[in-house]
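Here the structure comes first, spelled out in structure tokens, and everything after it is commentary.
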Amino acid sequence: MSNLDNKIIAYLGSKPNFNKEVILQDDGEGAYIKEWNVDGVAKPTDAQLDALSSQATTLENNAIAVANRQKEYGSLAEQLEYITENGLDAWQTKVQEIKLKYPKESE
């Protein structure tokens, strides 16, 4: 998608239900808002959404960083096994290394 979902999240300040509140569609010429059902908030104009491009890119990059972190952390069972075998301090050190490897951008 053309980052439209992240622009909408930036506009609203939270993630809407994209199955009920905000329905997006792409007919091959770019994504657009098909339905806007957010109570108390006016549907944004294209100009308003375009002004949020930078914030939307940050949201997208941060989501990628979080996904990469989660992949390296492993499953909860793997995390518990690591802590059991190496101790909590070793796990906290590992977490910090992973966070440094995949930093999030400030919003």
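Starting from the Cα of LYS15, step 7 Å along the direction of its Cβ; do the same at ASP39; then give the gap between the two resulting points in nm.
Simple spin-label model gives 2.2 nm for this pair.
Students often get this wrong, so try it: which of (i) 0.96; (ii) 1.14; (iii) 1.22 is Rg/Rh (Cα atoms, Kirkwood Rh) as calculated from the structure shown?
(ii)
Relative to the longest principal axis of the C-alpha atoms of the chain, give the angle of the C-alpha long axis of helix 53-73, reported between 0 and 90° and rounded to the nearest 10°.
Between helix and principal axis, roughly 30 degrees.
With n ≥ 4 as the cut-off for DSSP H runs, can you work out [θ] at 222 nm for the chain, using -39500 (n - 2.57) per run divided by the number of residues, rounded to the nearest 500?
Helices in the chain give a 222 nm mean residue ellipticity of -17500 deg cm²/dmol.
Each value in this text was obtained by applying a stated rule to the coordinates, not by laboratory testing. Computed from a predicted structure; not experimentally measured. A quick note on method: Cβ atoms are made from the backbone with ideal geometry, for glycine too, and the neighbour counts reach across all protein chains shown.
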